[in-house]
Amino acid sequence: YVMSQLLQSAAFMKLSKPDRQARVKMLTQKMLGGETGAGGPDDEASGDIAPHRFWAHLRTKYGTRLAHLLQMLEHLQPAILHQRVVVLRFQSEALAPTASLLVRASKPCSSAALEAAATARREFPAETFRVAAVSDWLSGSPESGAANGRAPPLWLRLAAECASDDVDEVRALVVCTEAQSTDTTPEALTLAAHALHQTAKAVPFLSSVTFGPQSSERLAALSEFSAWAGGLSFNVSDISALLPAAQGLSLYLFDSGTQAKDFHERRLSYAQKQALSTCFLPLPQLLPYDGDASGARSKTQSTIADVLNSSSKVLFDATCPSESMLAVLSDTTLALPRRWGRSLRCCRELRGLRDVVFGEPGGLGLELDEPQVGEG
């Protein structure tokens, strides 16, 4: 791009070969340094290429993840316009989705966390869904009620939506634009399936769409999770595959002619794979392999900790400190009591809780004894 633009400049062609090489190298580094905003008068006067023009060229030629998402919603809008639509915005976590992190973050415990969960949800009554409104909300427009902070993880919020009293059937579409999202790891999908199986009033008929290149392990996990829920899984690695994926979802997931028995047929197919022990993920059994509806799951009221303890591969002990606290405790550059106090402070800062000083009344929220130096 830099060479094609500079070769059109008469001033560049008049430079000596070392000067041309230096100018190309400087502008290349400038382009790779990121989009810094609109080019100023100095850029135009000197003939330099403004970074914002380069990044605009990339967006025009290759598109963006948000543009691909909105384009898919444009294709799906006629099918979902007559239905109530709830949009949950989620964002990948910086830490791996460990069992203790999932339990401790399962319920917001501060006003900031409650506000983040509320602003990351947008509901559209029937006949009101518009792609333009979703675009403004995702882009962070203040008028659209967009969230200011980080969006919470997805699966526990989806389980809460499916546990509502006014919900009889849920058809969910998970669109993931991140290649390394912690919500789509095999471990997180296994925990999500157990949580939906144990706590949701109606396990959603769920399909998934991922954009861009994904690892084969994640694609296999998403495909199994979608089949377990009775849905389909698509990977849109090229823009040409977007329209066929949208048409397939419109006809299968959101078409009014698709009945629950059609989704149960796909769930039955996955149940037969479970009976043969040929599955990639250890997911709970929704239907018996013979298709007898009387053997379907029985709804139970369980906490996330109960779900983790009942899983065969995930164990959680609520009396033990989390991995983040243990990481601080393993720091050998500080004395043992100081490391313990620092771990408590770091834990509460990450959770958005109040700072703990001796003058504040009330419990600390954690019943952990300070270790003694002799016990180290």
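The values are calculated or read from the model by the stated rules, or taken from the named source; none is laboratory data. This is a predicted model, so every value here is computed, not measured. Cβ atoms come from the backbone with ideal geometry, glycine included; neighbour counts cover every protein chain shown. Quick note on the areas: whole protein, heavy atoms, side chains included, nothing else; ligands and nucleic acids left out. Shrake-Rupley method; radii C 1.70, N 1.55, O 1.52, S 1.80 Å.
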**Request:** Pop a pseudo-label 7 angstrom from the Cα along the beta-carbon direction at both Leu219 and Ser9 and give the gap in nm to one decimal.
**Result:** 4.2
**Asked** Using modelled amide H (1.01 Å from N, peptide plane; none on Pro or chain starts), what sits under 5 Å from the amide H of Ala172, excluding residues fewer than 5 places away?
**Response** Phe205, Leu206, Ser207
**Prompt:** Which value, in Å² and to the nearest 10, is the accessible area of Tyr62 when all protein chains are kept and the probe is 1.4 Å?
**Reply:** 140
**Asked** Going highest first, how would you order 184-194, 49-59 by mean Cβ packing within 10 Å?
**Response** 184-194, 49-59
**Request:** Could you rank the peptides 72-79, 258-265 by their average count of other C-beta atoms within 10 Å per residue, with the highest value first?
**Result:** 72-79, 258-265
**Item:** Potential extension, Arg20-His52 segment - 0.36 nm per residue separation minus Cα distance
**Value:** 9.3 nm
**Extension gain, Thr278 back to Asp166 (0.36 nm per residue minus Cα-Cα distance, nm)** = 36.7 nm
**Complete:** Full extension between Gln259 and Glu127 adds, at 0.36 nm per residue less the Cα distance, a length in nm of 45.4 nm
**Efficiency of FRET between Glu349 and Leu251 - r from beta-carbon atoms, R0 51 angstrom, step 0.05** = 0.55
**Request:** Could you run the Karplus curve 6.51 cos²θ - 1.76 cosθ + 1.60 with θ = phi - 60° over the stretch 166-178 and give me ³J(HN,Hα) per residue in whole Hz, x for Gly and Pro?
**Result:** 8, 9, 10, 8, 10, 10, 10, 10, 9, 10, 10, 9, 9
